[in-house]
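For reference, the structure discussed in these notes is given below.
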Amino acid sequence: MRAAIPLIVFFLVFFTIGCVKQGEDMQETAASPSPAAEERPAAVPVHEEKSVEWAANRLLEISNRYFERLEAAQAADLPFEKFRIQISGDMTDHFISEEKMEEFYQVRVGLTALYLFHYEPGALAARTTILEQNAERIVVKTMWFANELNSGYYEISTLINQEGKWLLDERQREELTEKGFQLSIEEATIYMKAFPFYEKPVTTVDTIQLEDVPGEYGRFYQFMCDGNPYYISPVDGYVLHKKMENVR
């Protein structure tokens, strides 16, 4: 019996050491992340989708601020590089280069500023469409109505996100199809309420047809404002604010 005591003690010591070692291994395993956990990518932040109203307001803000700064910079005879710094918060270097803004800045006369880009509040409010958007890029489709200098067309504007600031990066022109914009009376009314010459309230809205112009291009929406007629083409957005003859 006495001879068996050392053997029993040996087994007890061996069993105790084994349990301690196993406990240490379990702690190390729990403390160390698995390789799969280390390789797991961080959660991607949720993209806040921008509304059509936001896109229209951002384009209008860029346009208005550009013309305000242009007038002030040219009046102060600033070199273009200083003006470039002023507008860099609203448009990218790519846009400034592609649109030849330095060339137009140096000319300083005529309609060059208007030729660059111009967003009308009424047209933006009447119909603005977001074609594509993600966290880095938003593509917006707007209307440019016909006037004495241009035919009607769509404008495709691209905004990109640079450090949380949405900048105008590109614009492209898309020609109208034969059917044109096909403005509804509701869209035409929204536009006319923001039209520069349109100051009096609407009393009636009708559709008229020019006798000498058959088809869609002879059809106009007529807005009567205290007896003064205004007309807009639903095809290309052309506006007449003088009394037209030969209508029925």
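Just so it is clear, none of the values below were taken in a lab; they were calculated from the coordinates. Just so it is clear, the model here is predicted, and its values are computed rather than measured. Here the Cβ is made from the backbone with ideal geometry for all residues, glycine too, and neighbour counts use every protein chain on show.
Across all Cα atoms of the range 143-183, the radius of gyration (one decimal) and Dmax (whole number) stand at 13.7, 42 Å.
With a threshold of 24 Å on the Cα-Cα distance, the over-threshold entries among Lys50/Lys100; Lys50/Lys141; Lys50/Lys165 are Lys50/Lys100.
In the calculated pair distance distribution of the range 185-240, what percentage of Cα-Cα distances lie above 15 Å?
Values: 640 of 1540 pairs.
For the range 185-240, the fraction of Cα-Cα distances above 15 Å is 42 percent.
Using the crude model of +1 on Lys and Arg Cβ and -1 on Asp and Glu Cβ, and no other charge, please compute the dipole size for the range 123-194 relative to its Cα centre, in debye to 20.
Values: 8 positive and 12 negative charges, 34 e Å.
I would put it at about 160 debye.
Each residue in Phe195, Phe80, Phe220 was given a count of other beta-carbon atoms within 10 angstrom of its own, and listing them fewest first yields Phe80, Phe195, Phe220. Rounded if a/c is under 1.5, else prolate if a/b beats b/c, else oblate: with a ≥ b ≥ c from the C-alpha gyration tensor eigenvalues square-rooted, which is the range 158-206? Oblate. In this calculation the C-beta distance from Thr129 to Gln74 is compared with R0 = 30 Å, giving a FRET efficiency of 0.30. By the count of other C-beta atoms within 10 Å, a proxy for reagent exposure, Arg219, Arg58 are ordered fewest to most as Arg219, Arg58.
Note on Lys82/Glu148: beta-carbon distance plugged into 1/(1 + (r/R0)^6) with R0 of 25 Å gives a FRET efficiency of 0.15.
Among Asp206, Asp90, Asp212, the ranking by other beta carbons within 10 Å of each residue's beta carbon, starting with the fewest, stands as Asp212, Asp206, Asp90. Here r is the Cβ-Cβ distance between Glu49 and Ser184 and R0 is 30 Å; the resulting FRET efficiency, rounded to 0.05, is 0.70.
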